[in-house]
Amino acid sequence: MHPTPSAVPARRTRRDGAVHAAAQGLLDGLETPVAAFVDLAGIGESAQALHAAWPSEVEVLHAFAAKANPLVPVLAQLRRHGMACEVSSPGELAQARAAGFTPDGIVLDSPVKTLAELASALAGGIAVNIDNFEELERVDGLIGLAAAVPRIGIRINPQVGLGSIEAMSTAGRTTKFGIALQDPGHRERLLDAYRARPWLRWVHVHVGSQGIPLELNAAGVAVAVEFAQEVNRQRPGQVVGIDIGGGLPVDFTDDADSPTFADHVAVLKQLVPDLFDGSFRIVTEYGRALMAKNGFVASRVEYTKTSGGRRIALTHVGAQVAARTTFDPQRWPLRVLVYDGDGRPSGADQEVQDVAGPCCFAGDLLAKERLLPRLSPGDLVVVPDTGAYYFSSPFHYNSLPMPPVYGFEADGDGEVRFTLLRAAETIDDVVSRSGVAPLPSPVAAR
């Protein structure tokens, strides 16, 4: 299901309206004129597209990967649109609970769960995906303490290969996640583990995310389904579900969703038909694909200069909110949109420019040698497609404060309303998280 002809322009229209409204004082009232914005209507559209992409006859739990945007109001908004939540740390678990998710709507994944984390999750009825054989031994000692056995599975590494970004690929030969299924003796040991533990009823797999072709993703899912079927041949009906992870990449070049959730389902149907035969319940863990297009960052241009004949615009948005782009721009390129000081799309003449952030290192660039409307002080630089893994996961370089995050939506007359989702961090907050207690007085030696 590709976006309808009106979907992409509607997304763009909402963003333009929000930028114009924010320019009318909201940005200028901030200590540092940079803010992030979340398209609340867009979240609903993305969640609806996800639900619609999967066949109604298949039982699917869509668990949003909280790491992509763990802001509590965002998680609560996703929950209202029928999403569950996948968490990978005690912090994300606490955020999910604060957003209103109940244990039956939470899935815990992490390669380094502590004994306390495991005990709490199992006692609380939260689904757990076990990462390795040693963790399995820990769960053996805890399983009898649970009031009821929650959904427990083992994450396998199908070792089907890497995508174009190795750091985002989780199914290589030596990837740190899961039990490597092709390593000598591992498959037989895993089958024995399931045979000895009737409460192991799920299989988990995740091939990676950005840079992973849909066909490679499906190859990993196929390995998980085949393994589950092998378990069920030795004990019919033991494995009841497959957690297929997420892995839908995002195209950062325009406002369209490509590939779509429907594209992913179509490839899975073609290459892993047994996933849809009714034998298994399914869990998904999409993150970036749900939120990336539903957020942007905006900053005033503070200064401009020319260096070596090239114009440079100095802004307040850089590595502190877009670390991946500034440190690895070839793999994580972002668009930069230019608006005038009133928040209208700029009509200035095009010019090759750099767009720089506030951090004190030369590589803090959002765009290098980019053809853009000529930027001037007071103009607005808008960085779209940043609703996942950007402003929600700040980088505290130079002790820069976290920017505020606003949700926005428009009424029938096009008037934009903003809701504060996360307050701007103050300078006092920055000092507080740096440790302000004085050192104890030294004790004289006797």
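The values are calculated or read from the model by the stated rules, or taken from the named source; none is laboratory data. Remember, it's a predicted structure, so these values are computed and weren't measured experimentally. With ideal geometry, Cβ positions are generated from the backbone for all residues, glycine too; neighbour counts draw on all protein chains shown.
If you go through the range 381-427 one residue at a time, how many are within 13 Å of Gly17 (Cβ to Cβ) and of a type outside the set (Phe, Trp, Tyr)?
Final tally of qualifying residues: 10.
For the range 95-148, which residues satisfy the criterion of being among the β-branched types (Val, Ile, Thr), surrounded by 15 or more Cβ atoms within 10 Å (Cβ to Cβ) and part of a loop (DSSP other than H, G, I, E, B)?
The answer is Ile126, and nothing else.
Regarding Gly278, is this residue over 23 Å from Ile212 (Cα atoms) and without any contact (Cβ under 8 Å) to a residue 40 or more places away in the chain? Steps first, answer last, please.
Details: over 23 Å from Ile212 (Cα atoms): yes; without any contact (Cβ under 8 Å) to a residue 40 or more places away in the chain: no.
Spelling it out, it is not the case that Gly278 is over 23 Å from Ile212 (Cα atoms) and without any contact (Cβ under 8 Å) to a residue 40 or more places away in the chain.
Matching residues to (1) under 26 Å from the mean Cα position of the chain (by Cα); (2) without any contact (Cβ under 8 Å) to a residue 60 or more places away in the chain; (3) more than 20 Å from Leu314 (Cβ to Cβ):
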position: Val338; (1), (2), (3): yes, yes, no
position: Val355; (1), (2), (3): yes, yes, no
position: Cys359; (1), (2), (3): yes, yes, no
position: Glu369; (1), (2), (3): no, yes, no
position: Ser399; (1), (2), (3): yes, yes, no
position: Val405; (1), (2), (3): yes, no, yes
position: Phe408; (1), (2), (3): yes, no, yes
position: Asp413; (1), (2), (3): no, yes, yes
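Could you tell me which numbered condition Thr170 fails, if it satisfies all but one of (1) of a type in the set (Ser, Thr, Tyr); (2) modelled with pLDDT of 95 or more; (3) in contact with a His (Cβ under 7 Å, 6 or more places away or on another chain)?
The single condition Thr170 does not satisfy is (2).
Out of Leu122, Leu71, Leu118, report the one residue that is hydrophobic (A, V, I, L, M, F, W, C) and within 22 Å of Ala289 (Cα to Cα).
Leu71
(1) more than 17 Å from Ala35 (Cβ to Cβ); (2) part of a strand (DSSP E or B): which one isn't true of Phe296, the others all being true?
Going through the list (1) more than 17 Å from Ala35 (Cβ to Cβ); (2) part of a strand (DSSP E or B), Phe296 breaks only (1).
Look through Arg311, Arg324, Arg331, Arg335 and report the one residue that is out of contact with any strand residue (DSSP E or B) (no Cβ under 6 Å at 6 or more places or on another chain), outside any loop (DSSP other than H, G, I, E, B) and not hydroxyl-bearing (Ser, Thr, Tyr). Show your work before the answer.
Details: Arg311 fails: out of contact with any strand residue (DSSP E or B) (no Cβ under 6 Å at 6 or more places or on another chain); Arg331 fails: outside any loop (DSSP other than H, G, I, E, B); Arg335 fails: outside any loop (DSSP other than H, G, I, E, B).
Every option except Arg324 fails the conditions.
Could you tell me how many of the residues in the range 17-43 are out of contact with any Gly (no Cβ under 8 Å at 6 or more places or on another chain) and either charged (D, E, K, R) or more than 18 Å from Val405 (Cβ to Cβ) (or both)?
Within the range 17-43, residues that are out of contact with any Gly (no Cβ under 8 Å at 6 or more places or on another chain) and either charged (D, E, K, R) or more than 18 Å from Val405 (Cβ to Cβ) (or both) number 2.
Just one of (1) closer than 29 Å to Asp429 by Cβ; (2) out of contact with any helix residue (DSSP H, G or I) (no Cβ under 9 Å at 6 or more places or on another chain); (3) among the hydroxyl-bearing types (Ser, Thr, Tyr); (4) assigned to a loop (DSSP other than H, G, I, E, B) trips up Thr386, so point out which.
All conditions are met except number (2).
Out of the residues in the range 47-69 meeting the condition of being crowded, with 24+ Cβ neighbours inside 10 Å and of a type outside the set (A, V, I, L, M), tell me which one is farthest from the chain's Cα centre (by Cα).
So, considering only residues that are crowded, with 24+ Cβ neighbours inside 10 Å and of a type outside the set (A, V, I, L, M), the one farthest from the chain's Cα centre (by Cα) is His62.
For Gly246, only one of the following conditions fails: (1) surrounded by fewer than 23 Cβ atoms within 10 Å (Cβ to Cβ); (2) assigned to a loop (DSSP other than H, G, I, E, B). What is its number?
(1)
Scan the range 162-182 for residues that are part of a loop (DSSP other than H, G, I, E, B) and either over 30 Å from the mean Cα position of the chain (by Cα) or buried (at least 16 other Cβ atoms within 10 Å of the Cβ) (or both) and jot them down.
Of everything in the range 162-182, those that are part of a loop (DSSP other than H, G, I, E, B) and either over 30 Å from the mean Cα position of the chain (by Cα) or buried (at least 16 other Cβ atoms within 10 Å of the Cβ) (or both) turn out to be Leu162, Gly163, Ile165, Thr170, Ala171, Gly172, Thr175, Phe177, Gly178, Leu181.
Let's see how each residue does on (1) modelled with pLDDT of 90 or more; (2) surrounded by 13 or more Cβ atoms within 10 Å (Cβ to Cβ); (3) in contact with a helix residue (DSSP H, G or I) (Cβ under 9 Å, 6 or more places away or on another chain); (4) hydroxyl-bearing (Ser, Thr, Tyr):
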residue	(1), (2), (3), (4)
Tyr406	yes, yes, yes, yes
Leu421	yes, yes, yes, no
Ala424	yes, yes, no, no
Asp429	yes, yes, no, no
Pro440	no, no, no, no
